[in-house]
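The values are calculated or read from the model by the stated rules, or taken from the named source; none is laboratory data. Just so you know, these numbers come straight off a predicted model, no measurement behind them. Here the Cβ positions follow ideal geometry from the backbone for every residue, glycine too, while neighbour counts run over all protein chains shown.
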């Protein structure tokens, strides 16, 4: 049964397929992020440096980025049924082995295997679900599907922190195993059998060019700030190799009979507009999740459980957005896109107005509105991108969808962290220059707290204020990113009915 024929499933079969897909995606999303909070303990337990332990995250991201574009060819060559089963089982086994890893090298290798084996699962399961439902129901289905994609990264860091503190870093992988077993059983029982669409040979040169380009760019954005960007020879080489391979890939794909990725699909104007919005959506999805925990822990002294509750409030906003779209997906998707990106602009602007004494209610409201905006944007983007192509192209388009979403997230997080750090240093120098021993501000402080011993607290306070300014600049960058994306909505055309 080909992908386009999945609409022959009955009502119960569709529901079972949707539930199975959500479970698989929830497993992936949770396993990806739950280990991030355990990095400090992994570093100490496995006697690694900070740079070495970062490869636990980097290896997964790079392997996942390399594997995602291969989804279209793998689907045509082997079929969805076999790929989803092998991917789910292989990902589950790799998760178990991560918990048993004896050293850092083994753990990094297994995380890379997780990324590679899990890469086709999100595009393929989404493609199966969308092909089994008529286009008129894609909005509702996307809302349900989105819960599995976004809730995992919200609750996983909170659970990971609790488990790591109580039972050690290996417990975060053991915690995922029951979900892995349920996902494996579900895909065996529910995923319908199909036949490969074509005996298409792999375009090896195109695959190598594209994989090297994606891997180099992913490494560059993930390790750029850690290595001081283009002051590092590693980053310069990664940028150069990525640019050269991307150029070779484009030239090769436009001249080859059966390219690895047929770039002619980008002649579809509606699809290109949708993918550009996906890139912007990815940039806005996770940056606050990286910036806020560090800001609240370092500058406000919030405990991890309090920070986890604030992130859960953002997740609550996402869930509410998906629930609203269960009803609202019948309306013009441009309305929800405008509301979603508008919500990001408001949230980013409000966060850029924070001060060092920001209140809990301010954090909760801005996080909730930001999450609500993400929920509003997710469903229309899926409807627009998949509505621009026939079902046979769903696997390829879905792989590009998630590749751009994750790559946009990596780029924006790296740029936001770099902006926060660099402007913090500039602000520290500017504030320190004004608060000198011959400055009235210094003498006012000296009169209030006499003694040379007050110099150290003064320097610490200048550092706190400078760091806060850096975070505020990053939040303003977040808002401006949404502002730049907003005009793209004018180019969106509602998908044609089936």
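See the values below:
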item	result
Segment 1-47, subset at pLDDT below 75 and not in a helix (DSSP H, G or I), residue farthest from residue 82 (Cα to Cα)	35
Positions within segment 244-272 being under 24 Å from the mean Cα position of the chain (by Cα) and either touching a residue at least 40 places away in the same chain (Cβ under 8 Å) or surrounded by fewer than 17 Cβ atoms within 10 Å (Cβ to Cβ) (or both), in sequence order	261, 266, 270, 271, 272
Those residues of segment 75-91 which are in contact (Cβ under 8 Å) with a residue 24 or more places away in the chain and farther than 18 Å from residue 25 by Cβ, in sequence order	76, 77, 78, 79
Top-ranked residue in segment 116-140 [being outside any helix (DSSP H, G or I) and modelled with pLDDT of 85 or more; ranked as farthest from residue 75 (Cα to Cα)]	119
All helices (runs of 4 or more DSSP H) inside segment 243-358 with 3 or more residues being modelled with pLDDT of 85 or more	269-285, 304-328, 333-352
Test: residue in segment 373-390 that is over 16 Å from residue 273 (Cα atoms), in contact (Cβ under 8 Å) with a residue 60 or more places away in the chain and either more than 21 Å from the chain's Cα centre (by Cα) or assigned to a loop (DSSP other than H, G, I, E, B) (or both)	yes
One residue from 68, 61 being modelled with pLDDT of 80 or more and either at negative phi or crowded, with 24+ Cβ neighbours inside 10 Å (or both)	68
Residue list for segment 198-217, filter: within 30 Å of residue 425 (Cβ to Cβ) and either modelled with pLDDT under 75 or in the same structural domain as residue 52 (by TED's automatic domain parsing) (or both)	none
